[in-house]
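The values are calculated or read from the model by the stated rules, or taken from the named source; none is laboratory data. What you see is a predicted model; the values in this text were computed from it and never measured. Cβ placement follows ideal geometry from the backbone for every residue including glycine, while neighbour counts extend to all protein chains displayed.
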Amino acid sequence: MADSESLGFEHMGLDPRILQAVTDLGWSRPTLIQEKAIPLALEGKDLLARARTGSGKTAAYAIPMLQLLLHKKATGPVVEQAVRSLVLVPTKELARQAQSMIQQLAAYCARDVRVANVSAAEDLASQRAVLMEKPDVVVGTPSRILSHLQQDNLKLRDSLELLVVDEADLLFSFGFEEELKSLLCHLPRIYQAFLMSATFNEDVQALKELVLHNPVTLKLQESQLPGADQLQQFQVVCETEEDKFLLLYALLKLSLVRGKSLLFVNTLDRSYRLRLFLEQFSIPSCVLNGELPLRSRASDPEAGVARGIDFHHVSAVLNFDLPPTAESYIHRAGRTARANNPGIVLTFVLPTERSQLGKIEELLSGETEAPTLLPYQFRMEEIEGFRYRCRDAMRSVTKQAIREARLKEIKEELLHSERLKTYFEDNPRDLQLLRHDLPLHPAVVKPHLGHVPDYLVPPALRGLVNPHKKRKKLSYKKAKAKAKKVKTQNPLRSFKHKGKKPKLSAKPS
Ligand code: AMP
């Protein structure tokens, strides 16, 4: 990531309106890709940038795009309104994100720069009206853009100055290759182009030949994960399965892991097991079940993108189960420490899995000898006091409770499905049956377990951590009500990011 001597936004010659928007977004310095790409883009260079999601790549192309548009409008003779920039993305969701990012950066020049997203679910005709106004920037998927070009709703041959192909590798894997090639025939002979891609595979090379002219290649990060100054990675050996549950309970309950955490397990049943387990201690969690349609998967801003779910400000990733491969480790770890935010990854490992972890580490560390995942210093014996409660909670999570929790979610999905709405209107009895069926055997939440008595806090941690910080001692009735609330809460929707550096430095030894 950029160091203290890096080129700040204020030294890039940007329009004050862009700088103001950047300040409003709270970005104190450019990310590495922004630092490198923006000056080159402003010089008029074509760029091929290897950028992973979360690196700040959208702004890396959006900022120079806006700067060039504003510059043109400010200095040229009276310029005719025209579509000057085109951003191609592989999914509707990414189009929405890109549009939103560009609009946020253009917040202070919204009159001068209009941005349209033509990938949404609307029909072509209504989008035609938007395109007739010739927005300065058009964002969309290749198929949508091509349809508009073919129907003459959009004309780019005389006006396009900048083309951005975002997530280029995905465009191909999503089968947009032919559309992309046809689309290029509608573009002028000369334009500036940026190609952003997480990987440089053969498809991207082919696209590079088609779209870029003498590009500067930016392979910014050798490693696919941020450096140790930004991302702390730990491993902790747990002797038994039970120890994993025990440790997790203690880490969360003693606030040694703070902020929004993503817990990764290897099967869907395990995720429900974990949720029901944590529920016993009034620790709110929710399951991201890939089997359910998008709407019901904690659908925060970037859900559904092929690269996985990008929750903002995830401060900790906990590999409760060891990832099967180095790729999946990277994929999981990449959910935290996004942009310039810090993050931590804690991987639980059973003694039998040590060699597998070794393989992952080998691939992660590449040439260097240094261990990638530092041992997490934690004395299990200090949390022995929690074991009895842990066992008790584990016992409550029966196979039946898990099955019912899964079933319940599927039923809720059915009840809220827009598509099934008309069906239920015609068949109200089915709806009634489903409703009637809902509360099966909810796992018993024992309110007293939500509380950690002082004698259970490891002596070395007393005074350092306070599990009851800002929490009033609740009466039994209130604790019960809270426990009930926890069951229905979706923490990914409700957690607030306070911008604090996540803490994972428990060293009771
Ligand atoms: P992207 O890689 O474009 O998907 O961006 C990932 C996240 O980083 C987005 O939430 C951006 O708002 C955020 N971001 C982009 N640039 C910066 C920056 N210079 N400082 C802090 N956050 C940023």
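Is it the case, given these coordinates, that Glu167 is out of contact with any Cys (no Cβ under 9 Å at 6 or more places or on another chain) and either surrounded by fewer than 20 Cβ atoms within 10 Å (Cβ to Cβ) or over 18 Å from Ser85 (Cα atoms) (or both)?
When the stated conditions are applied, Glu167 does not pass them.
More than 23 Å from Thr31 (Cβ to Cβ), at pLDDT 90 or above, touching a strand residue (DSSP E or B) at 6+ places or on another chain (Cβ under 6 Å) and of a type in the set (A, V, I, L, M, F, W, C): is that true of Val257 in this structure? Break it down stepwise before answering.
Working: more than 23 Å from Thr31 (Cβ to Cβ): yes; at pLDDT 90 or above: no; touching a strand residue (DSSP E or B) at 6+ places or on another chain (Cβ under 6 Å): yes; of a type in the set (A, V, I, L, M, F, W, C): yes.
No: the conditions fail for Val257.
Out of (1) surrounded by 19 or more Cβ atoms within 10 Å (Cβ to Cβ); (2) in a loop (DSSP other than H, G, I, E, B); (3) free of Cβ contacts under 8 Å to residues at least 60 places away in the same chain, what's the single condition that is false for Leu207?
Going through (1) surrounded by 19 or more Cβ atoms within 10 Å (Cβ to Cβ); (2) in a loop (DSSP other than H, G, I, E, B); (3) free of Cβ contacts under 8 Å to residues at least 60 places away in the same chain one by one, Leu207 breaks only (2).
Would you point out which residue out of Phe200, Phe194 is farther than 18 Å from Ser315 by Cα, part of a strand (DSSP E or B), in the same structural domain as Arg50 (by TED's automatic domain parsing) and of a type outside the set (A, V, I, L, M)?
Working: Phe200 fails: part of a strand (DSSP E or B).
Testing whether each residue is farther than 18 Å from Ser315 by Cα, part of a strand (DSSP E or B), in the same structural domain as Arg50 (by TED's automatic domain parsing) and of a type outside the set (A, V, I, L, M) leaves just Phe194.
Residues checked against (1) at pLDDT 90 or above; (2) in contact with a strand residue (DSSP E or B) (Cβ under 8 Å, 6 or more places away or on another chain); (3) over 22 Å from Lys57 (Cβ atoms); (4) not assigned by TED's automatic domain parsing to the domain that holds Lys57:
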| position | (1), (2), (3), (4) |
| --- | --- |
| Ala326 | no, no, yes, yes |
| Gly334 | no, no, no, yes |
| Pro342 | no, yes, no, yes |
| Leu346 | yes, yes, yes, yes |
| Gly358 | no, no, yes, yes |
| Phe378 | no, yes, yes, yes |
| Arg391 | yes, no, yes, yes |
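Across the stretch 223-253, what is the number of residues that are in a loop (DSSP other than H, G, I, E, B) and in contact (Cβ under 8 Å) with a residue 12 or more places away in the chain?
So in the stretch 223-253, the residues in a loop (DSSP other than H, G, I, E, B) come out as 223-230, 238-240.
Those still in the list that are in contact (Cβ under 8 Å) with a residue 12 or more places away in the chain too: 223-227, 229-230, 238-240.
Within the stretch 223-253, residues that are in a loop (DSSP other than H, G, I, E, B) and in contact (Cβ under 8 Å) with a residue 12 or more places away in the chain number 10.
Would you say His186 is outside the structural domain of His313 (by TED's automatic domain parsing), part of a loop (DSSP other than H, G, I, E, B) and in contact (Cβ under 8 Å) with a residue 60 or more places away in the chain? If you could, list the steps in order and put the result at the bottom.
Details: outside the structural domain of His313 (by TED's automatic domain parsing): yes; part of a loop (DSSP other than H, G, I, E, B): yes; in contact (Cβ under 8 Å) with a residue 60 or more places away in the chain: no.
Judged against the criteria, His186 is not a match.
If you go through the stretch 121-144 one residue at a time, how many are in a helix (DSSP H, G or I), within 24 Å of Gln67 (Cα to Cα) and within 32 Å of the chain's Cα centre (by Cα)? Walk me through it before giving the result.
Going through the stretch 121-144, the residues in a helix (DSSP H, G or I) turn out to be 124-132, 142-144.
Filter once more, so that each one left must be within 24 Å of Gln67 (Cα to Cα): 130-132.
Still in the running and within 32 Å of the chain's Cα centre (by Cα): 130-131.
Total meeting the criteria: 2.
Pairs needed: first member in the stretch 318-346, within 11 Å of Gln230 (Cβ to Cβ); second member anywhere, more than 16 Å from the ligand (Cβ to nearest atom) and small (Gly, Ala, Ser); C-beta distance under 8 Å; at least 6 residues apart or different chains.
Thr336/Ala316; Gly343/Ala316; Ile344/Ala316
Only residues that are of a type outside the set (A, V, I, L, M) and touching a Pro at 6+ places or on another chain (Cβ under 9 Å): list them for the stretch 193-221, please. Steps first, answer last, please.
The initial filter retains those residues of the stretch 193-221 that are of a type outside the set (A, V, I, L, M), namely 194, 197, 199-203, 205, 208-209, 213-215, 217, 219, 221.
Correct list: Phe194, Lys208.
List the pairs whose first member sits in the stretch 130-143 and is within 20 Å of Ser173 (Cβ to Cβ) and surrounded by fewer than 24 Cβ atoms within 10 Å (Cβ to Cβ), whose second member is of a type outside the set (A, V, I, L, M) and modelled with pLDDT under 95, and whose Cβ atoms are under 6 Å apart, counting only residues at least 6 apart or on separate chains?
Qualifying pairs under 6 Å: Thr141/Ser119; Ser143/Glu179.
I'd like to know if the stretch 75-91 contains one or more residues that are surrounded by fewer than 20 Cβ atoms within 10 Å (Cβ to Cβ) and under 28 Å from the mean Cα position of the chain (by Cα).
Checked against the condition, which is being surrounded by fewer than 20 Cβ atoms within 10 Å (Cβ to Cβ) and under 28 Å from the mean Cα position of the chain (by Cα), the stretch 75-91 yields at least one hit.
Scan the stretch 319-347 for residues that are more than 16 Å from the ligand (Cβ to nearest atom) and surrounded by fewer than 24 Cβ atoms within 10 Å (Cβ to Cβ) and jot them down. If you could, list the steps in order and put the result at the bottom.
From the stretch 319-347, those more than 16 Å from the ligand (Cβ to nearest atom) are 319-329, 332, 344-347; that's our starting set.
Within the stretch 319-347, Phe320, Asp321, Leu322, Pro323, Pro324, Thr325, Ala326, Glu327, Ser328, Arg332 meet the criteria.
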